[in-house]
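Working notes, beginning with the structure itself.
The values are calculated or read from the model by the stated rules, or taken from the named source; none is laboratory data. Note that this is a predicted model, so its numbers are computed, not measured. We place every Cβ from the backbone using ideal geometry, glycine too, and count neighbours over all the protein chains shown.
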């Protein structure tokens with residue numbers, strides 16, 4: 001009986017600590033700590049999936065909010081910045097540029113998205129993910 005209670009308490013402590021840490025780390029992992037993430041052609045957001053790349057880009061942009069949950073609006077500005085990738089049938093691709101803002105934001109920022117390569121998706125600095 002004493003052994004069972006000891007095991008139960010140990011398990012409870014382990015799961016309690018693990019739950020608290022995972023919530024905190026998940027919250028911190030949603031926003032990139034790299035100030036250039038998404039803002040430069042050298043560090044684009046990699047949404048992956050060449051066959052459904054444009055759809056992935058829109059899904060990603062629709063998942064963004066302002067820092068206080070504000071709705072984000074965006075407009076595609078075109079493509080730029082040729083690069084090599086094995087994930088394109090042509091061996092290379094172009095980044096898509098989007099003007100992005102939200103209500104109350106004084107300026108519009110340009111985000112660079114790579115629809116060919118996959119990466120861990122995070123919000124750029126100044127944004128959050130729903």
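With respect to residue 26, determine if the residue is surrounded by fewer than 10 Cβ atoms within 10 Å (Cβ to Cβ), modelled with pLDDT under 95 and within 17 Å of residue 128 (Cα to Cα). Against the criterion (surrounded by fewer than 10 Cβ atoms within 10 Å (Cβ to Cβ), modelled with pLDDT under 95 and within 17 Å of residue 128 (Cα to Cα)), residue 26 qualifies. Applying the condition of being part of a loop (DSSP other than H, G, I, E, B) and in contact with a helix residue (DSSP H, G or I) (Cβ under 6 Å, 6 or more places away or on another chain) to the range 94-120 and asking which residue is surrounded by the fewest Cβ atoms within 10 Å (Cβ to Cβ) yields 116. In the range 61-86, the residues that are on the phi > 0 side of the Ramachandran plot and outside any strand (DSSP E or B) reach residues that are surrounded by 14 or more Cβ atoms within 10 Å (Cβ to Cβ) and at pLDDT 95 or above with C-beta atoms within less than 8 angstrom, at least six apart or across chains, in these pairs: 69/128. Within the range 121-130, the set of residues being surrounded by 15 or more Cβ atoms within 10 Å (Cβ to Cβ) and either assigned to a loop (DSSP other than H, G, I, E, B) or in contact with a helix residue (DSSP H, G or I) (Cβ under 6 Å, 6 or more places away or on another chain) (or both) comprises 121, 122, 124, 125, 126, 127.
Picking from residues in the range 47-92 that are touching a helix residue (DSSP H, G or I) at 6+ places or on another chain (Cβ under 6 Å) and at pLDDT 95 or above, the one that is surrounded by the fewest Cβ atoms within 10 Å (Cβ to Cβ) is 74. Listed by first and then second residue, the pairs linking a residue in the range 33-55 that is under 17 Å from residue 87 (Cα atoms) to a residue that is assigned to a helix (DSSP H, G or I), with Cβ atoms under 6 Å apart and 6 or more places separating them unless they lie on different chains, are 47/56; 47/57; 47/60; 49/56. For residue 21, indicate whether it is assigned to a helix (DSSP H, G or I), in contact with a strand residue (DSSP E or B) (Cβ under 7 Å, 6 or more places away or on another chain) and either within 16 Å of residue 112 (Cα to Cα) or at pLDDT below 95 (or both). For residue 21, the condition - assigned to a helix (DSSP H, G or I), in contact with a strand residue (DSSP E or B) (Cβ under 7 Å, 6 or more places away or on another chain) and either within 16 Å of residue 112 (Cα to Cα) or at pLDDT below 95 (or both) - is not met.
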